[in-house]
1. Can you confirm whether segment 102-124 contains a residue that is of a type in the set (Ser, Thr, Tyr), part of a loop (DSSP other than H, G, I, E, B) and surrounded by 23 or more Cβ atoms within 10 Å (Cβ to Cβ)?
2. If I filter segment 19-41 for residues that are part of a strand (DSSP E or B), within 18 Å of the chain's Cα centre (by Cα) and within 26 Å of residue 173 (Cβ to Cβ), do I get at least one hit?
3. Could you check segment 337-351 and list, in sequence order, the residues that are in contact with a Ser or Thr (Cβ under 8 Å, 6 or more places away or on another chain), surrounded by fewer than 23 Cβ atoms within 10 Å (Cβ to Cβ) and modelled with pLDDT under 95?
4. Being of a type in the set (Ser, Thr, Tyr) and at pLDDT 95 or above is the filter; apply it to segment 181-227 and report the residue that is surrounded by the most Cβ atoms within 10 Å (Cβ to Cβ).
5. Output the number of the condition that residue 57 fails; it satisfies all remaining conditions of (1) in contact with a Ser or Thr (Cβ under 7 Å, 6 or more places away or on another chain); (2) without any contact (Cβ under 8 Å) to a residue 40 or more places away in the chain; (3) assigned to a loop (DSSP other than H, G, I, E, B).
6. Test residue 304 against the criterion of being aromatic (Phe, Trp, Tyr), part of a helix (DSSP H, G or I) and either open to solvent by less than 40 Å² (accessible area, probe 1.4 Å) or free of Cβ contacts under 8 Å to residues at least 40 places away in the same chain (or both), and give yes or no.
7. Please go through segment 363-404 and give me each residue that is more than 28 Å from the chain's Cα centre (by Cα) and outside any strand (DSSP E or B), ordered by number.
8. Hey, among the residues in segment 352-379 that are among the hydrophobic types (A, V, I, L, M, F, W, C) and under 20 Å from residue 336 (Cα atoms), which one's least open to solvent (accessible area, probe 1.4 Å)?
Amino acid sequence: MNRTLTLHDPATARHYYDEGMWQADTLYSLLSTHARDRPDGYAVRDSGRRLTWWQLKDWTDSMAAVLYESGLVKGQRVSLWQPNRVEAVVTMLACARNGYICNPSLHLNYAGDEIVGLLDAIRVSALVVEEGYGAATPDVLDEIAGLPSMKRVVRLPTGRTSGDDFPEIMDYGRERPDTDPSPDKPFYLAFTSGTTGKPKGVLHSDNTLLANARDMVRDWNHDKDTVILTLSPLSHHIAWVAASEIMVCGGEMVLNDPPDGMKPLDWIVETGATYVMGVPTHGMDILADQKARGLDRLGKVATFYMAGAPIPPVTAEAFLKQGIKPQNVYGMTENSSHQYTYPDDDPVTICETCGRGGRSYEVKLFAQENRDEEVPIGEVGQIGGKGACLMLGYFDNQTATEESFNRDGWFLSGDLGRLDE
């Protein structure tokens, strides 16, 4: 039974399944398949640990047992407040396994009272936190532990060891609950930026996340040899787009966690990254560092994904000159990286557009003064969309959910755009 109110509609779901955009897999079932088929292949890496698929699954099962022992039931929330470290990925997958809802969006710069307020508002039942991370002081953590909904606070030490609270990889002395096989359960809750008010909680299921990941993997030819390095932190949605793609293609995910003294460029080269994900400023900074060092190539990078802002033509040209395809991407936490360029697009398309996107999301433009009126090709309008990668709604916020859609069910982004032929 699903205890969380969502926009899930059985008729729409049947259509997505019939079209193959939704499938029976969950992130955890994909993890299990890779662990069975390629147990010694690498899955995820930070500055101190590099886990194989078998190790990642085993550790996920151990963490799932800890959360189950703590009394969590399906649909309850688990938050992450930590830097880029593999325990976050383990916990996310444990939530997908057991049917909990993982909230990874607690940023480093949040004040203690903001964290407490957000956790209380979504009634979090477990928190995995690195002690001393940002405002994670002993007093703040004690206050969090005292929240009415809180059942477990798992405290990680600084550095890259898991300490005594987080389970070991092979922790077989605990009861491991049955898995939740539903790919349509809510399992991911990410806060929006909150630039225009209190952050909203965006709900996704396995299928709404994986629909976009399947498009990206297919259209950009990712496979088990792909090494995705996310320059965005794990508190941002781009990082979980990367995680979803890795679960689909079976490659390796590298976190933006270079060892002390190592720059991002060094980490890209060290890890053998083939697909780097970030925003245009990441690309510009890395190109500047490359130029300063006189390097001809960015290691093994074949594609540089950039979202959040247009790619400057000079940046795109600098990547293309060394055989790296820049990928221009547009999307939101609510609909992931739904609009993107393709490997065979020309430089003008890459620099001046965000491409045509994948099959899991349809886009239309609506008049700024009338959200129900579609505007003609070539005119500027508000970007609306619908499809298999769209969120399940805003958690515990009926008003915001209702107001985000027009009369015909198109999700309105608030952004302006123009469609060409």
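1. Step one: list which residues in segment 102-124 are of a type in the set (Ser, Thr, Tyr), which gives 105, 110.
Those left that are additionally part of a loop (DSSP other than H, G, I, E, B): 105, 110.
From the residues that got through so far, the ones that are surrounded by 23 or more Cβ atoms within 10 Å (Cβ to Cβ) too are 105.
Yes, segment 102-124 has at least one match.
2. Filtering segment 19-41 down to residues part of a strand (DSSP E or B) leaves none.
No, that holds for no residue.
3. Let us first name the residues in segment 337-351 that are in contact with a Ser or Thr (Cβ under 8 Å, 6 or more places away or on another chain), namely 338, 341, 343, 349-350.
Those left that are additionally surrounded by fewer than 23 Cβ atoms within 10 Å (Cβ to Cβ): 343, 349.
349, the sole residue that qualifies.
4. First, the residues of segment 181-227 that are of a type in the set (Ser, Thr, Tyr): 182, 188, 192-193, 195-196, 205, 208, 226.
Add one more test, that the residue is at pLDDT 95 or above, and what stays is 182, 188, 205, 208, 226.
Numbers: 182: 16, 188: 26, 205: 24, 208: 32, 226: 21.
Only one residue fits best here, namely 208.
5. (3)
6. Working: aromatic (Phe, Trp, Tyr): yes; part of a helix (DSSP H, G or I): no; either open to solvent by less than 40 Å² (accessible area, probe 1.4 Å) or free of Cβ contacts under 8 Å to residues at least 40 places away in the same chain (or both): yes.
It is false that residue 304 is aromatic (Phe, Trp, Tyr), part of a helix (DSSP H, G or I) and either open to solvent by less than 40 Å² (accessible area, probe 1.4 Å) or free of Cβ contacts under 8 Å to residues at least 40 places away in the same chain (or both).
7. 368, 369, 375, 376, 377, 378, 379
8. 365
The values are calculated or read from the model by the stated rules, or taken from the named source; none is laboratory data. Quick caveat: nothing in here was measured; it's all calculated off a predicted structure. Glycine gets a Cβ as well: all are built from the backbone with ideal geometry, and neighbour counts include every protein chain shown. The area values use the complete protein model at the heavy-atom level, side chains included, leaving out ligands, DNA and RNA. Shrake-Rupley method; radii C 1.70, N 1.55, O 1.52, S 1.80 Å.
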